[in-house]
């Protein structure tokens with residue numbers, strides 16, 4: 001039996017460079033940076049070594065109605081904002097609740113709720129801890145709340161595979177539709193972890209850039225002087241459905257999701273396999289599912305976090321798949337603009353990849369000073385034309401725990 005084609009009919013996002021998907025995309029093309037100095041009093045109080053991050057440009061509690069926002073952790077707030085936009089963009093399809101599913105990811109979950117509750121317990125005692133604390137902090141809160149909001153009864157699933165989370169959720173959503181579990185799935189990921197404990201912890205492990213005097217130029221994927229990633233926050237959502245279902249209701253179609261790959265390194269809890277074997281297998285799986293060869297790929301959105309070790313490891317993984325041709329494929333490293341949204345980053349970059357092949361433009365990679373000869377991707381500080389032919393693009397996500405996830409899209 002031939003698997004049905006799965007298409008993207010709606011997109012939504014709230015990111016460090018835009019409060020909507022179109023705003024985020026346009027800001028990306030304009031070379032914007034979402035990294036800014038943090039103005040919270042806790043930065044000085046805790047003497048944090050890193051004093052900047054890529055906070056969301058639009059706070060979700062200014063978009064949602066106050067009673068709704070109050071019962072949601074910021075991670076779930078971002079998820080709802082992005083999903084509402086994607087659902088409206090898809091035309092608010094009329095679908096039976098039992099045929100609508102949710103696959104929504106996070107890397108950390110409700111860290112703000114958890115640690116605020118801990119402060120309340122220590123300072124005011126157990127009677128002052130909110131009854132909604134657990135429903136707000138649990139990692140599946142975003143998926144559960146989206147299910148409630150949209151009346152999705154097919155399933156409400158959560159992936160928590162660190163920075164690969166939301167790409168893996170997109171791959172899962174495709175498989176769930178192909179397996180007949182739903183006609184439409186709201187897929188994506190969210191994160192709101194710009195918090196003193198996460199900044200201190202990532203800084204302690206030497207993972208964050210320390211360019212406190214120049215936040216906007218701190219994320220420098222593939223640059224020889226890169227010194228770590230920039231923490232970001234936000235969410236992105238895709239509405240996925242069977243192509244025949246979308247055509248029957250006259251929906252616009254952004255792209256076809258033609259394949260996905262999910263693997264594990266089994267190498268180290270935080271470090272990538274230096275030979276990139278797991279990442280390479282994920283790419284190969286995605287291309288095999290697409291029925292495509294490496295020679296057909298016209299664009300890559302690289303994971304490219306701006307860490308000294310991670311960027312060359314990704315290059316080696318892709319070289320193992322594409323050979324010398326990897327140096328010819330237009331690549332974008334969009335975390336240079338948005339920072340790293342952890343569990344939300346894959347969905348945001350999937351949206352960017354979809355828009356890239358739709359408009360035949362590879363977004364720029366800002367802050368590329370002197371390119372590291374060990375990471376000779378075809379990057380540019382300006383947009384790169386993708387040509388007039390058929391487009392096949394992949395978006396990569398790799399996470400702590402050795403998680404690798406890749407999703408492939410074709411234009412329509």
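When 20, 51, 113, 62 are checked against the criterion of being without any contact (Cβ under 8 Å) to a residue 40 or more places away in the chain, assigned by TED's automatic domain parsing to the domain that holds residue 200 and either surrounded by fewer than 24 Cβ atoms within 10 Å (Cβ to Cβ) or more than 24 Å from residue 334 (Cα to Cα) (or both), a single residue qualifies: 62. Screening residue 153 on (1) within 22 Å of residue 3 (Cβ to Cβ); (2) surrounded by fewer than 18 Cβ atoms within 10 Å (Cβ to Cβ) shows it passes everything except condition (1).
Among the residues of region 354-374, the ones that are under 26 Å from residue 290 (Cβ atoms), touching a residue at least 60 places away in the same chain (Cβ under 8 Å) and crowded, with 24+ Cβ neighbours inside 10 Å come to 4 in all.
The helices (runs of 4 or more DSSP H) located wholly in region 133-199 that include 3 or more residues which are touching a residue at least 12 places away in the same chain (Cβ under 8 Å), within 14 Å of residue 79 (Cα to Cα) and in contact with a helix residue (DSSP H, G or I) (Cβ under 8 Å, 6 or more places away or on another chain) occupy 141-150, 165-178.
Residues checked against (1) buried (at least 24 other Cβ atoms within 10 Å of the Cβ); (2) part of a helix (DSSP H, G or I); (3) modelled with pLDDT of 95 or more; (4) in contact with a strand residue (DSSP E or B) (Cβ under 8 Å, 6 or more places away or on another chain):
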residue	(1), (2), (3), (4)
227	no, no, yes, no
238	yes, no, yes, yes
256	no, no, yes, yes
275	no, no, no, no
280	no, yes, yes, no
285	no, yes, yes, yes
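A search for C-beta distances below 8 Å between a residue of region 84-102 that is at positive phi and any residue that is in a strand (DSSP E or B), counting only pairs 6+ apart in sequence or on different chains, returns 91/9; 91/10.
Among the residues of region 258-272, those identified as closer than 26 Å to residue 312 by Cβ and in contact with a strand residue (DSSP E or B) (Cβ under 9 Å, 6 or more places away or on another chain) are 259, 260, 261, 262, 263, 264, 265, 272.
Is region 30-40 home to any residue that is without any contact (Cβ under 8 Å) to a residue 12 or more places away in the chain and under 27 Å from residue 185 (Cβ atoms)? Checking region 30-40: not a single residue is without any contact (Cβ under 8 Å) to a residue 12 or more places away in the chain and under 27 Å from residue 185 (Cβ atoms). The set of residues from region 71-117 being within 18 Å of residue 173 (Cα to Cα) and in contact with a helix residue (DSSP H, G or I) (Cβ under 7 Å, 6 or more places away or on another chain) comprises 79, 80, 83, 87, 100, 101, 102, 103, 104, 105, 106, 107.
Pairs please, first residue from region 201-213 and assigned by TED's automatic domain parsing to the domain that holds residue 39, second anywhere and outside any helix (DSSP H, G or I) and at pLDDT below 95, Cβ atoms under 9 Å, 6+ apart in sequence or on different chains. Close Cβ pairs satisfying both conditions: 205/270; 207/270.
The values are calculated or read from the model by the stated rules, or taken from the named source; none is laboratory data. Since we're looking at a predicted model, the values are computed, not measured. For neighbour counting, all protein chains shown are included, and Cβ atoms are generated from backbone atoms with ideal geometry for every residue, glycine included.
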